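Have a look at the structure below, then the notes.
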4 protein chains.
Amino acid sequence: MIFASDNWMGASDRVAAALVEAAGGHAPAYGNDPLTASVEADFARVFEHEVAAFFVATGTAANALALAQFGKPGGVVFCHHDAHIAVDEGGAPEFFSGGARLHRIEGAEGKLRPADLAAAIALYPASAIHHGQPAAVSISQLTEVGTAYTPAEIAALAEIAHGAGLPLHMDGARFGNAVAGLGVSPAETSWRAGVDVLSFGGSKNGCFAAEAVLFFDPEKSRGFEFHRKRAGHLFSKSRFVSAQFEAYLANDHWLELAAHANGMARRLAVGIEAVSGASVAFAPAGNEVFAVISKAADVALREAGAAYYEWPSGGLIAAPLDKGSILVRLVTSFRTQASDVDQFVQIVSANRA
Amino acid sequence: MIFASDNWMGASDRVAAALVEAAGGHAPAYGNDPLTASVEADFARVFEHEVAAFFVATGTAANALALAQFGKPGGVVFCHHDAHIAVDEGGAPEFFSGGARLHRIEGAEGKLRPADLAAAIALYPASAIHHGQPAAVSISQLTEVGTAYTPAEIAALAEIAHGAGLPLHMDGARFGNAVAGLGVSPAETSWRAGVDVLSFGGSKNGCFAAEAVLFFDPEKSRGFEFHRKRAGHLFSKSRFVSAQFEAYLANDHWLELAAHANGMARRLAVGIEAVSGASVAFAPAGNEVFAVISKAADVALREAGAAYYEWPSGGLIAAPLDKGSILVRLVTSFRTQASDVDQFVQIVSANRA
Amino acid sequence: MIFASDNWMGASDRVAAALVEAAGGHAPAYGNDPLTASVEADFARVFEHEVAAFFVATGTAANALALAQFGKPGGVVFCHHDAHIAVDEGGAPEFFSGGARLHRIEGAEGKLRPADLAAAIALYPASAIHHGQPAAVSISQLTEVGTAYTPAEIAALAEIAHGAGLPLHMDGARFGNAVAGLGVSPAETSWRAGVDVLSFGGSKNGCFAAEAVLFFDPEKSRGFEFHRKRAGHLFSKSRFVSAQFEAYLANDHWLELAAHANGMARRLAVGIEAVSGASVAFAPAGNEVFAVISKAADVALREAGAAYYEWPSGGLIAAPLDKGSILVRLVTSFRTQASDVDQFVQIVSANRA
Amino acid sequence: MIFASDNWMGASDRVAAALVEAAGGHAPAYGNDPLTASVEADFARVFEHEVAAFFVATGTAANALALAQFGKPGGVVFCHHDAHIAVDEGGAPEFFSGGARLHRIEGAEGKLRPADLAAAIALYPASAIHHGQPAAVSISQLTEVGTAYTPAEIAALAEIAHGAGLPLHMDGARFGNAVAGLGVSPAETSWRAGVDVLSFGGSKNGCFAAEAVLFFDPEKSRGFEFHRKRAGHLFSKSRFVSAQFEAYLANDHWLELAAHANGMARRLAVGIEAVSGASVAFAPAGNEVFAVISKAADVALREAGAAYYEWPSGGLIAAPLDKGSILVRLVTSFRTQASDVDQFVQIVSANRA
């Protein structure tokens, strides 16, 4: 019953096999190898669009470097109040951008709303140099509460960003789960909706460590290789990241992995909703379930070896929790078993409030 | 005949097997897993000393973050003129340290000399705030020309560094080759000789991507985890780096790999030295050979599929090359075959100047 | 009727005379002159405490450098939501600290409250490296809405800051006005209440350009001169700042200047409060008055040549303004005339809502 | 006999008077005042060209911010080995540019030579991201040894810089002395020769603290105001810098001040050259004289109260000094008296080697 995070899991068999196979040969270093070129073509195929792809070590690096590419002195990045870049990246986005400020905007269901974004940008008129200058807009897909922006929602934000001359960045640490969950194409929830640069995550969904920064207008990626190098994120054996991505993208493997995880999340949500006194805070669009369970269930689950995080409910859910309940975050993965889900639900049920 | 760089190679079978095995399970993320703790203990055993170990993605990250830990405003890092940190890391050491200056010092055979180091430090007296302030000394082991500092040479530099209140950093991208080549213990060429922090490289010598920053006084590593996080170098699935290191360190696998590469380099050097008109610029201490060969040999080698880099000779070797010769860098690896070496030498011989 | 800002004013006659006198001679550069040493002693006398004083060009530099001295990777600075460092310094505090994050905390009357500060710090437990690490607490005296912290209020915040191992920084751009307004000694509202480092402003209150960073524990200022130099804030003719401060501090000139400005602000507040339909949002502790006036008054005042800023009322005052009114910020100075104040009030009165 | 530095001097009477006059009034802050606009027009008139002028506190700030405007990740700035930016600015150029590297190039008489510049730039081909990327070229006028580039020499460097797509920056801390010394117009030794951005110094030549960054193509200055603000170099009472510049530029006051200083330097050089055993290392183009004098003269001069710096001769002058001599730097100023010069020469003469 491991629901702590998808990054607790190992790697998919196909990804592991691809890596071992690549281990045998030799190839030019620093991404100048044929496999890397081929994977860049794979990304173009998957996204039905020209793409400049840069591999990096971590999701934090992907986000922080993507934003650094659009950095300005006194730059301001607009994001949701709970955005990963604002809460969980140890200051990397600020650091890589020479001191960018993250302007955090509240929004229900983990989503930025167009009117709120516009109002925030309006606080930085061109004449007010004391306040700094707008630099970029960043959204997370999945959001931090496991919901997903629809293509139309993204497009509405992109319109405002672009109207202000700002690029739209998407933190796609769980992009695969979002695509699988929405049932749309990767293109529809990225460049077609106005996304300029995407942090495409593989690590959480079956890779060892494989993250990519994808620019849909290669011209906007000019010089990005120097940002990556200056940050120590250019792997010498870069093709080992490529090998992971090759297997990950081939035959929609990534979407199958995500679909499995999403299915387990839905099963978990349905099961919990059926328990009186327990509930799910948001309809899960991907592989994250935020659930209200009883404290008694929490105790029983821990005893049974379940791993997951209690989550601060303040700001996230409208109604205050009753005293005997807590909010927990449950993350499923490509390897989650239905039996684990069912056992979890059963314990919740047996310990209902 | 791949002598371009050791980072063109794949991974050793044992390392690959270890990674695949680790791929199957699950464990807490961000290094809070038992395997990571166990590997930290492995490092302590290998170095016969308490050690605080931090894994990062690349050698550039290891070096730049190690130096950032000792960063100061207006800080100056003293290093050899040709140091990797000064030439090949895209400004990462400067960036991570808030604008450190690398004071480059000439030195024969790729080595800093104590008197030159002392003279350089003396250019920054405490009263001269306009010049900046000394922050650290950094040396490479192997050096950039494939030689190795003896423990006594390191100790002499450490004495000067410490006398000036500066830590001594060692860029150990090829530390294994140096240890194997010197025939000393890891301890003797690191902390016993006065090294405070070591960038311990695994990627060039049989790992996929495994680099570690090792502090021999854990107190001096305080807060380093925030440097690493801010730089996006904390892997979520950090244990996959641990898995590589576990196999790499077990049963002196790393030293066997290095010894093989070193043996191939010696074979190459001996073979080339035996060719009239060809020569080796420095006695190879590890797995790098800088050789003077004829331009005709260069043409023949390229035609036969050999891969290696021509190297600028200016500053490196005393006597100017004659017109028909060039300097090349040849790097062997854990996987280099004797037959490749012999074929290379044969072509050099058949095309002697 | 210039109430736009105190930094619209020139310099006091005594300060100007001191500067001209200093212009005649010569002295060692970069602060190594006898006058600078003497002014440092003046500060110690004024504050009844040892002090390490560093002069810089602007208030933004003073604040940003003071905080940089306590910078950490992933560092978080806690401040009021409307703090000058968070709103009006163009990212300088973030930049000088290598990407510090400003954690903004709401608080009535422009003040941080101890419980809110403690709760904010608690969001960054030592184990949660993803969130970053607390680095400093910063408050403004006068606050951004013209109120002043009492010594007891400062002490309560200092206790929480120090309890968390954090220094307390005070942005004293209008420190003179606060001291004069509170009727306490400079010591009581600074180090005796727990302030570790003070940005002491002279520019707004009668100097040309004279700002100082004062450390009450000189040990904590170690290395600060390198921060200042690296930022380009070490004046070659530093003694011209010293000359301003010498005249400013002598015979409590600075407090007389501030007392005059404060008196004018009180006169303005009393006058406005007496007009039905007009009001003052906060009891002015110094030289700033936030007033609600009718739009008709605004029109008439502009026509009469008055200069001042309309201010966004959202978040600042509890009750929404009625449609015919606006909030304005009125700042008096050492040179404000009573006749100007009276004329302003008269126009407000003549155009009451 | 104050020859330590021109920044030991006070301010010229006219500049001081202008500042006092400006102290009386009031005006909008942050450079939005009519005087500042008028001074920008003065600069355009003086340079016979459109100019975007930005005032800052110090010469270090001017240089570091000018270069930051052209900063790139992994950026490399090419400059003379002894350039002020590389030796005496405490890391500010590196810091403001996010870790720029200063590539120092040797050159006789303090000057960069075109061929050496071209060779240095060639070390950074576009494909070699490990080395970083060229960002700018910077030269000093006067140079660090008191010589001056002729317009033709500047143009030759500009051609190489522009050919590589790099802007040419001029550190004009002593620009007035250079213009007066060369007998050319300000235009001829700046934009007409290819200079893109000039740090125009006033502080050393009669101002209190007045430095300007001048862009000759205003388009290239876009966003510079955010760099300045982020660095804390936007004065609130910016018009006090403007007031200094107004008086400084009016009626060629700046050139008169410089011409006086230059004349004193020539007198000093001629006097010293006439002493057997003493000599001048470089023909002074402005107000700096590097002279070889006897140690006995040094003792006698110090006793007589002379102030000046002994200078390291290594690298600066070809022939080694004889044991009884030292190299000294002598800087004259707008206020140097002929009698001081003559007394100095007389003591040198009375203590000849």
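Find the residue count for region B:104-118, including only residues that are within 14 Å of chain D (Cβ to nearest Cβ) and without any contact (Cβ under 8 Å) to a residue 40 or more places away in the chain.
At the first step, the residues of region B:104-118 found to be within 14 Å of chain D (Cβ to nearest Cβ) are B:104-106, B:116.
Adding the requirement that they be without any contact (Cβ under 8 Å) to a residue 40 or more places away in the chain leaves B:104-105, B:116.
Residues meeting the conditions: 3.
B:A136 passes every criterion in (1) touching an Asp or Glu at 6+ places or on another chain (Cβ under 9 Å); (2) crowded, with 22+ Cβ neighbours inside 10 Å; (3) in a helix (DSSP H, G or I) apart from (3). Hey, can you tell me all the residues within region B:73-99 that are assigned to a loop (DSSP other than H, G, I, E, B) and either at pLDDT below 95 or not aliphatic (A, V, I, L, M) (or both)? Scanning region B:73-99 gives B:P73, B:G74, B:H81, B:D82, B:D88, B:E89, B:G90, B:G91, B:S97, B:G98, B:G99.
If you filter region A:195-230 down to residues that are in contact with a Gly (Cβ under 7 Å, 6 or more places away or on another chain) and of a type in the set (A, V, I, L, M, F, W, C), you find that the one that is most open to solvent (accessible area, probe 1.4 Å) is A:F226.
Scanning region C:2-20 for residues that are open to solvent by less than 30 Å² (accessible area, probe 1.4 Å) and of a type in the set (D, E) yields a single hit, C:D6. As a summary of the residue check, B:R192 satisfies the conditions (1) within 14 Å of another protein chain (Cβ to nearest Cβ); (2) open to solvent by 20 Å² or more (accessible area, probe 1.4 Å); (3) in a helix (DSSP H, G or I); (4) not acidic (D, E) except for the one numbered (1).
Within 9 Å of chain C (Cβ to nearest Cβ), surrounded by 18 or more Cβ atoms within 10 Å (Cβ to Cβ), farther than 23 Å from D:W191 by Cβ and touching a residue at least 12 places away in the same chain (Cβ under 8 Å), is that true of D:A23? The answer is yes for D:A23. Selection of region A:281-291 for residues being among the aliphatic types (A, V, I, L, M) and either at pLDDT below 95 or under 17 Å from A:M1 (Cα atoms) (or both) yields A:A281, A:A283, A:V289, A:A291.
Listed here are the residues, each with its yes/no results for (1) within 30 Å of A:Y308 (Cα to Cα); (2) free of Cβ contacts under 8 Å to residues at least 12 places away in the same chain; (3) surrounded by 21 or more Cβ atoms within 10 Å (Cβ to Cβ); (4) in contact with a strand residue (DSSP E or B) (Cβ under 8 Å, 6 or more places away or on another chain).
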{"residue": "B:E50", "(1), (2), (3), (4)": "no, no, no, no"}
{"residue": "B:Q69", "(1), (2), (3), (4)": "no, no, yes, yes"}
{"residue": "B:K72", "(1), (2), (3), (4)": "no, no, no, yes"}
{"residue": "B:L102", "(1), (2), (3), (4)": "no, no, yes, yes"}
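Quick one: what pairs do we get from region B:266-293, first residue farther than 20 Å from B:D322 by Cβ, second basic (K, R) and part of a helix (DSSP H, G or I), C-beta under 8 Å, 6+ apart or different chains? So the pair list comes out as B:P284/B:R266.
For region B:234-290, taking the residues that are touching a strand residue (DSSP E or B) at 6+ places or on another chain (Cβ under 8 Å) and hydroxyl-bearing (S, T, Y), the one that is nearest to the other protein chains (Cβ to nearest Cβ) is identified as B:S238.
With the requirement that a residue be part of a loop (DSSP other than H, G, I, E, B) and away from chain C (no Cβ under 14 Å), what does region D:40-68 give you?
Residues satisfying the conditions are D:E48, D:H49, D:E50, D:V51.
Would you call A:D340 of a type in the set (D, E), under 23 Å from the mean Cα position of the chain (by Cα) and over 27 Å from A:A108 (Cβ atoms)? Show your work before the answer.
Details: of a type in the set (D, E): yes; under 23 Å from the mean Cα position of the chain (by Cα): no; over 27 Å from A:A108 (Cβ atoms): yes.
No.
One residue stands out in region C:231-263 among those that are among the charged types (D, E, K, R) and within 16 Å of C:F334 (Cα to Cα): the one that is surrounded by the fewest Cβ atoms within 10 Å (Cβ to Cβ), namely C:D252.
Within region D:304-325, the presence of a residue that is assigned to a helix (DSSP H, G or I), aliphatic (A, V, I, L, M) and open to solvent by 20 Å² or more (accessible area, probe 1.4 Å) is excluded. Could you tell me which residue of region C:171-189 is most open to solvent (accessible area, probe 1.4 Å), considering only residues that are part of a loop (DSSP other than H, G, I, E, B) and within 14 Å of C:L214 (Cα to Cα)? Here the residue is C:A173. Scanning region D:1-27 for residues that are under 17 Å from the mean Cα position of the chain (by Cα) and part of a helix (DSSP H, G or I) gives D:D6, D:N7, D:W8.
Within the option set A:D88, A:D42, A:D13, A:D6, being free of Cβ contacts under 8 Å to residues at least 40 places away in the same chain, acidic (D, E) and over 25 Å from B:G206 (Cβ atoms) holds for one residue only, A:D88.
Considering only residues that are of a type in the set (K, R) and in a helix (DSSP H, G or I), look in region C:195-231 and name the one that is nearest to the chain's Cα centre (by Cα). Talk me through it step by step, then tell me what you get.
As a first pass, look at region C:195-231 and keep what is of a type in the set (K, R): C:204, C:220, C:222, C:228-230.
Narrowing the set further to residues that are in a helix (DSSP H, G or I) leaves C:204, C:220, C:228-230.
Values: C:K204: 9, C:K220: 22, C:R228: 20, C:K229: 23, C:R230: 24 Å.
Step by step, filter region C:195-231, then rank; the result is C:K204.
Mind listing whichever residues of region B:321-339 are farther than 22 Å from B:F175 by Cα, touching a strand residue (DSSP E or B) at 6+ places or on another chain (Cβ under 7 Å) and hydroxyl-bearing (S, T, Y)? The answer is B:S325, and nothing else. For region B:304-323, the count of residues that are touching a helix residue (DSSP H, G or I) at 6+ places or on another chain (Cβ under 6 Å) and farther than 18 Å from B:S5 by Cα is zero. When region C:139-170 is filtered for residues that are assigned to a helix (DSSP H, G or I) and acidic (D, E), the ones remaining, listed by number, are C:E153, C:E159.
Might you let me know whether region C:28-38 holds any residue that is over 26 Å from D:S12 (Cα atoms), more than 7 Å from chain D (Cβ to nearest Cβ) and in a helix (DSSP H, G or I)?
Residues of region C:28-38 that are over 26 Å from D:S12 (Cα atoms), as a first pass: none.
Checked region C:28-38: no residue is over 26 Å from D:S12 (Cα atoms), more than 7 Å from chain D (Cβ to nearest Cβ) and in a helix (DSSP H, G or I).
In region C:150-161, which residue that is over 14 Å from C:L198 (Cα atoms) and in contact with a strand residue (DSSP E or B) (Cβ under 8 Å, 6 or more places away or on another chain) is most open to solvent (accessible area, probe 1.4 Å)? Can you show your working first?
As a first pass, look at region C:150-161 and keep what is over 14 Å from C:L198 (Cα atoms): C:150-153, C:155-157, C:159-161.
Adding the requirement that they be in contact with a strand residue (DSSP E or B) (Cβ under 8 Å, 6 or more places away or on another chain) leaves C:157, C:160-161.
Working: C:L157: 1, C:I160: 44, C:A161: 0 Å².
Among those residues, the one meeting the criterion is C:I160.
Among the residues of region A:283-295, is any farther than 27 Å from A:A148 by Cα, more than 27 Å from the chain's Cα centre (by Cα) and of a type outside the set (S, T, Y)? Within region A:283-295, one or more residues are farther than 27 Å from A:A148 by Cα, more than 27 Å from the chain's Cα centre (by Cα) and of a type outside the set (S, T, Y).
The values are calculated or read from the model by the stated rules, or taken from the named source; none is laboratory data. No experiment lies behind these values; they were computed from the predicted model shown. Every residue, glycine as well, gets a Cβ built from its backbone with ideal geometry; the counts of neighbours run over all protein chains shown. SASA here: full protein model, heavy atoms, side chains in, ligands and nucleic acids out. Shrake-Rupley method; radii C 1.70, N 1.55, O 1.52, S 1.80 Å.
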